[in-house]
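Take a look at the structure set out below.
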Amino acid sequence: MEQIKLDISRVYDFISPVEIKNLAGETSKAQETLYNGTGKGDDFLGWLHLPSEITDQQITGIETAVAGLREKTELLIVVGIGGSYLGARAVNDALAHNFSHLKKEQKAPHMLFAGQNIGEDYMHELLELLEEQSYSIVVISKSGTTTEPALAFRILKNHLEEKVGKEEARDRIIAVTDSSKGALRQLADEEGYRSYVIPDNVGGRFSVFTPVGLIPLAICGVDIRELLSGASEMSQRCDPAKPFEENPAAIYAATRNALYRSGKKIELLVNYHNKLHYVSEWWKQLYGESEGKEGKGIFPAAVDNSTDLHSMGQYIQEGERTLFETVISVERTDHKVTIPGDPANLDQLNYLEGKNIDHVNKMAELGTILAHLDGGVPNMRISIPALNARWLGQLLYFFENACGISGYMLGINPFNQPGVEAYKKNMFALLEKPGFEEETAQIKSRL
Ligand code: PA5
């Protein structure tokens with residue numbers, strides 16, 4: 001049977017199978033803490049059973065609600081930052097045509113983003129584009145008060161209202177936010193926007209299977225049923241009742257912690273498929289924000305190969321030996337491109353004649369894994385059969401589940417993010433936000 005496979009055999013030169021097996025007890029304790037809701041952050045465990053709890057009626061509700069919007073939308077602008085946009089972007093970018101923004105015939109709206117940065121030129125150029133194309137907005141903020149998306153939405157809302165009128169704009173804006181609190185909830189209620197709720201017990205970085213991910217993805221034509229059923233299948237594979245050896249999330253969590261304890265402080269998520277770039281960005285947030293606290297945590301980094309072998313390859317091969325890699329390998333491509341022969345053979349590629357491009361890619365992957373092993377970089381490999389909604393659902397849920405286990409093994413609260421507030425306090429002080437007078441005086445004395 002086809003399934004996502006995790007191969008940890010290429011860490012055995014660094015950590016023995018026995019050392020990993022010895023962590024089974026600790027891993028199982030972390031799973032108990034997670035599933036019994038007895039650990040730190042236990043009020044943020046709603047994501048754990050989310051994929052199997054969502055009903056057919058709820059999914060149909062989403063599909064029906066967004067169908068009308070899809071008809072009249074060329075561009076969907078997703079306004080959000082961090083956990084409020086990375087999940088949708090990861091899935092969308094993994095499944096969309098590489099050049100969908102340039103294709104004349106579009107089957108579904110093209111997804112673009114705003115509020116994920118504070119770039120003035122970015123916003124100006126987006127507004128220029130929006131003059132020319134019909135668009136709708138999904139604005140996503142759990143707190144409803146995050147500066148970046150609030151700023152972007154204020155500008156885009158004005159633009160849309162001026163362009164299509166207030167009534168039509170109301171029909172083209174969907175808000176995803178808290179059920180009762182926050183400025184966005186208030187605005188959505190006052191303006192009469194269609195709105196969806198981010199459950200109280202699901203944090204941003206664990207929210208891809210809530211309306212945060214599902215609404216924009218459904219509008220842009222992603223099969224959210226398949227995504228959710230993949231996630232649900234993986235939640236069964238990760239059930240804590242399964243023995244350690246059969247539970248991929250437990251094995252991944254145990255192995256990365258064993259490597260960390262042996263001095264491998266940096267984990268590189270490596271892909272050999274350009275469409276996975278934002279899956280890595282999503283993963284970086286998931287693990288970075290969950291684990292990086294109390295002076296601890298594996299530093300999550302990522303590379304897109306083979307592109308980055310020509311930039312970061314040197315460091316990975318010969319730099320400081322604090323790295324380990326987790327490679328995501330996609331077994332099947334969607335299309336075949338065969339390498340042609342050439343009578344002159346100046347590029348000396350005729351030995352590859354008749355092979356398809358992915359064969360070369362797979363040999364680059366294997367060759368790199370072995371070279372990095374020789375260079376002292378242990379390696380885990382996650383293979384997924386193909387890049388579609390079902391396998392992505394499985395992959396994302398696998399990482400979420402393992403993150404909860406791994407965070408508890410590390411002894412921290414995997415579900416808070418107190419460190420994110422520090423920059424906000426300084427920014428508000430520098431911007432002279434009312435209520436921050438004391439902080440403003442303090443920070444100015446440092447300049
Ligand atoms: O994971 C998190 O909690 C953060 O990345 C948030 O998602 C991000 O800061 C956006 O917050 P909000 O949805 O409240 O606007």
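The values are calculated or read from the model by the stated rules, or taken from the named source; none is laboratory data. Here the structure is a predicted model, which is why all the values come from computation and not from measurement. In this analysis, Cβ positions are derived from the backbone assuming ideal geometry, glycine residues included, and neighbour counts consider all displayed protein chains.
Check whether at least one residue in region 132-147 is under 23 Å from L86 (Cβ atoms), part of a strand (DSSP E or B) and more than 16 Å from the ligand (Cβ to nearest atom), and report yes or no. Within region 132-147, one or more residues are under 23 Å from L86 (Cβ atoms), part of a strand (DSSP E or B) and more than 16 Å from the ligand (Cβ to nearest atom). Of the helices (runs of 4 or more DSSP H) lying entirely inside region 44-131, those containing at least 1 residues that are among the acidic types (D, E), surrounded by 12 or more Cβ atoms within 10 Å (Cβ to Cβ) and free of Cβ contacts under 8 Å to residues at least 60 places away in the same chain are 50-53. From the list G419, G375, the lone residue that is surrounded by fewer than 16 Cβ atoms within 10 Å (Cβ to Cβ) and closer than 17 Å to I298 by Cβ is G419. Of the residues making up region 120-151, those that are of a type in the set (A, V, I, L, M) and over 15 Å from P216 (Cβ atoms) are M123, L126, L127, L129, L130, A150, L151. Of the residues screened, I118 is not one that is within 13 Å of the ligand (Cβ to nearest atom) and modelled with pLDDT of 95 or more.
Candidates in region 196-228 are the residues that are outside any loop (DSSP other than H, G, I, E, B) and more than 18 Å from the chain's Cα centre (by Cα); of these, the one that is surrounded by the most Cβ atoms within 10 Å (Cβ to Cβ) is I219. Considering each of E318, E294, E325 in turn, give the residue that is more than 16 Å from the ligand (Cβ to nearest atom) and either of a type in the set (F, W, Y) or farther than 30 Å from R89 by Cβ (or both). That would be E318, the only listed residue that is more than 16 Å from the ligand (Cβ to nearest atom) and either of a type in the set (F, W, Y) or farther than 30 Å from R89 by Cβ (or both).
Take the residues of region 194-235 that are touching a strand residue (DSSP E or B) at 6+ places or on another chain (Cβ under 7 Å) and away from the ligand (no atom under 16 Å from the Cβ): which is nearest to T146 (Cα to Cα)?
R194
Filter region 166-186 down to the residues that are aliphatic (A, V, I, L, M) and without any contact (Cβ under 8 Å) to a residue 24 or more places away in the chain and list them by number.
A169 - this is the single residue of region 166-186 that is aliphatic (A, V, I, L, M) and without any contact (Cβ under 8 Å) to a residue 24 or more places away in the chain.
When region 153-195 is limited to residues that are assigned to a loop (DSSP other than H, G, I, E, B) and surrounded by 15 or more Cβ atoms within 10 Å (Cβ to Cβ), the one that is modelled with the lowest pLDDT turns out to be G182.
Taking the criterion of being of a type in the set (D, E) and crowded, with 16+ Cβ neighbours inside 10 Å, would at least one residue in region 2-15 satisfy it? No, because not a single residue in region 2-15 is of a type in the set (D, E) and crowded, with 16+ Cβ neighbours inside 10 Å. Listed by position, the helices (runs of 4 or more DSSP H) enclosed by region 376-445 that each have at least 3 residues that are without any contact (Cβ under 8 Å) to a residue 40 or more places away in the chain and within 14 Å of the ligand (Cβ to nearest atom) are 421-430. Scanning region 334-366 for residues that are loosely packed, with under 15 Cβ neighbours inside 10 Å, part of a loop (DSSP other than H, G, I, E, B) and β-branched (V, I, T) gives a single hit, V337.
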